[in-house]
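Peer 1: If you scroll down you'll find the structure; I have some questions about it.
The values are calculated or read from the model by the stated rules, or taken from the named source; none is laboratory data. Being a predicted model, the structure only gives us computed values, none of them experimental. For neighbour counting, all protein chains shown are included, and Cβ atoms are generated from backbone atoms with ideal geometry for every residue, glycine included. Only protein heavy atoms, including side chains, enter the accessible area calculation; ligands, DNA and RNA are left aside. Shrake-Rupley method; radii C 1.70, N 1.55, O 1.52, S 1.80 Å.
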Amino acid sequence: MTDLAARARDLDDQHSATDRRSAFRIPEGVIYLDGNSLGALSVAAAETAADVVARQWGEQLIRAWNESDWWGAPERVGDRIGELVGAAPGQVVVTDSTSINLFKTIVAASRMRPGRSTVLTDPDSFPTDVYIARSACDLLGLTLELVPTPDAPARIAELGDSLALAAYSQVDYRTGEQWDLPALTRAAHDVGALVCWDLCHSAGAMPVGLDEGGADLAVGCGYKYLSGGPGAPAFVYVRREHLPSFENVLSGWQGHANPFGMSTDYDPAATITRARVGTAPLLSLLTMEGALTAYDGLSIEDVRARSLSLTGLFIEALDALGVDLPLATPREEARRGSQVSLRHPEAYAVVQALIARGVIGDFRETDIVRLGFSPLYLSHADVVAAAEHVAAVLEGREFERDEFRARSTVT
Ligand SMILES: *Cc1c(COP(=O)(O)O)cnc(C)c1O
């Protein structure tokens, strides 16, 4: 047995309490390093989906709104996600997509800070974040400034009371760099502005500490680390003290204080329910509720410890195997999300060659091999095997093969 294999075995023993592999259905022969883009199917998600279709929809029919509490599912599942992101109950609701929730939070934030003209976001954010921020700002007559996250505190201080909102991601989707949520939040609060955090690449993989860090608003994805399933609805967080002033620009009936009063006038619910819009995608939402049971009995701190151990061993294994590609991801633990991104001029072909070997990661423009480490279902043994595949692809120059260089549309 090699040193790396022995180390992997030791670490798997040390972290056995957070091993949820048996709760997931990972195909034989696959090392799945894309749970940060589409989380894997869990046994509970599959069983819940089947139950929702056959029993709840099939037998309960419309009675399921009460008998299976479909009506309360957005808040119920929101509270479960709240536990994972450090939000006390009553501040998170599952609804719509991340894109739509971001639009709602940016408009609401600007109305909570009237007279302030500027919104900041990172130019390298996931593109939908920039597009949505721009369209919300255009609609409201605000200025969108694109300021990289490391430069944001200084720019926030300069803008002072003209800043309404800083909208940033906790973890960069491409490089996997984790930013300092409490520090950036404080910088915005120092000038009286609000912060909205995008948690797409952190929720479910690490502690977020929304309440503790002072976050005002947050959005995040249900289908990445949370493994809610393709197209699972997203979530939105509104800090309790902001609920009375959170105006939902999309004033749909499900955010109404008395939806079945069928009133002509919109009267928002006093609670986080006001962030709802229309009828939830219940097959998806309830499937996600099943998926979240994979976290039962685990603390998010322990999940984070496992994640850091996995990414740390992967980096160590690459070094030991002589893989000298530049890391886009910081080596320091405090600045690392739950992924390791490598730079390679032929990153696309490298990813295709890895997929052919059963190591599924993804490519991100322009030169990023992005490998996500979903802590619940990956082992340290997987990590060492993945590093060995990366080394073999590079040593054998497999990325030079035509079959791996030809681009398809969805990567
Ligand atoms: C995945 C992701 C999204 C996805 O938004 P959808 O509305 O679900 O398509 C948005 N923002 C970030 C940062 C993401 O990583």
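Peer 1: Kindly provide log₁₀ I(q)/I(0) values, in the same order as q = 0.24, 0.25 Å⁻¹, from the Debye equation applied to equal alpha-carbon scatterers of segment 1-88.
Peer 2: Values, matching the q order: -1.24, -1.24.
Peer 1: Residues in segment 348-377, backbone N under 20 Å from the label point at ASP402 (7 Å along the Cα-to-beta-carbon vector): list them, ranges by number please.
Peer 2: Once the point is set 7 Å along Cα→Cβ of ASP402, 348-354, 356 turn out to lie under 20 Å by backbone N, inside segment 348-377.
Peer 1: About the Cα centre, and with charges only on the beta carbon of Lys, Arg (+1) and Asp, Glu (-1), how big is the dipole of the chain? Nearest 20 debye, please.
Peer 2: 680
Peer 1: For every helix of n ≥ 4 consecutive DSSP H residues, a contribution of -39,500 (n - 2.57) applies; sum these over the chain, divide by its total residues, and give [θ] at 222 nm rounded to the nearest 500 deg cm²/dmol.
Peer 2: Taken over the chain, the calculation gives -11000 deg cm²/dmol.
Peer 1: Considering only protein heavy atoms and a probe of 1.4 Å, how much of the accessible area of segment 47-295 is carbon and sulfur, as a whole percent?
Peer 2: Carbon and sulfur atoms account for 55 percent of the accessible area of segment 47-295.
Peer 1: Additional query: What accessible area, in Å² to the nearest ten, does a 1.4 Å probe give for GLU247?
Peer 2: Roughly 100 Å² of GLU247 is accessible to a 1.4 Å probe.
Peer 1: Same structure, new question: Rounded to the nearest percent, how much of the accessible area of segment 314-411 (1.4 Å probe, protein heavy atoms only) is carbon and sulfur?
Peer 2: 49
Peer 1: Take the alpha-carbon centre of segment 1-38, take the same for segment 356-406, and report the distance between them in whole Å.
Peer 2: Cα centroid to Cα centroid, the span is 15 Å.
Peer 1: Now for a different question. Ordering ASP211, ASP129, ASP302 by how much accessible area each has at a 1.4 Å probe, largest first, what is the list?
Peer 2: Final ranking, largest accessible area leading: ASP302, ASP211, ASP129.
Peer 1: What's the center-to-center distance, using Cα atoms, between segment 295-332 and segment 69-131 in Å?
Peer 2: Comparing the Cα centres of segment 295-332 and segment 69-131, I get a distance of 28 Å.
Peer 1: Which of the peptides 284-290, 167-173, 179-185 is most tightly packed, and how do the rest follow, judged by the mean count of other Cβ atoms within 10 Å per residue?
Peer 2: 167-173, 284-290, 179-185
Peer 1: Let's test the formula: R0 of 30 Å, r as the Cβ-Cβ distance of ARG25 and SER251. What FRET efficiency results, to the nearest 0.05?
Peer 2: Calculated transfer efficiency: 0.15.
Peer 1: Please give, to one decimal in nm, the separation of the simple spin-label points placed at VAL191 and ILE62, each 7 Å out from Cα toward the Cβ.
Peer 2: In this crude label model, VAL191 to ILE62 measures out at 5.3 nm.
Peer 1: Take the alpha carbon atoms of segment 47-295, find their radius of gyration, then divide it by 2.2 N^0.38 Å using N residues; give the quotient.
Peer 2: With N residues counted in segment 47-295, Rg over 2.2 N^0.38 Å equals 1.00.
Peer 1: Taking the Cα-to-Cβ direction at SER162 and at PHE260 and moving 7 Å from each Cα, how far apart do the two end points lie in nm?
Peer 2: Here the answer is 5.2 nm between the modelled labels.
Peer 1: Compute the orientation-averaged projected area for segment 174-283 from the convex hull of its Cα atoms and round it to one decimal in nm².
Peer 2: 8.5
Peer 1: Right, next: What whole-number value in Å² describes the accessible area per residue of segment 47-295 for a 1.4 Å probe?
Peer 2: Per residue, segment 47-295 has 38 Å² of solvent-accessible surface.
Peer 1: Restricting to the chain, compute how many DSSP beta bridges are antiparallel as a %, nearest 5.
Peer 2: 55
Peer 1: If each residue of separation counts as 0.36 nm, what is the full-extension length gain between ASP13 and LEU298 once their alpha-carbon separation is subtracted?
Peer 2: Between ASP13 and LEU298, full extension yields an extra 101.0 nm.
Peer 1: Measure nothing fancy, just the Cα-based angle from helix 98-112's long axis to the longest principal axis of the chain, in degrees from 0 to 90, nearest 10.
Peer 2: Helix 98-112 sits at roughly 40 degrees to that axis.
Peer 1: A further question on this structure: For the Cα atoms of the chain, what angle does the longest principal axis make with the long axis of helix 380-395, in degrees from 0 to 90, nearest 10?
Peer 2: Value to nearest ten degrees: 60.
Peer 1: On C-alpha positions alone, give me the angle between the axis of helix 127-140 and the longest principal axis of the chain, in degrees, nearest 10.
Peer 2: So the helix axis and the longest Cα principal axis differ by about 20 degrees.
Peer 1: OK, next. For the chain, what relative contact order do you get, as a whole percent, if you take Cα pairs closer than 8 Å and at least 6 residues apart?
Peer 2: 22
Peer 1: Shifting gears a bit: Can you pull the Rg over Rh of segment 4-162, Cα-only, Kirkwood?
Peer 2: That ratio is 1.08, to two decimals.
Peer 1: Using Cβ-Cβ distances only, list the Cys residues of the chain with no partner cysteine under 4.7 Å, sorted by number.
Peer 2: So far as the 4.7 Å Cβ criterion goes, CYS137, CYS196 stand without a partner in the chain.
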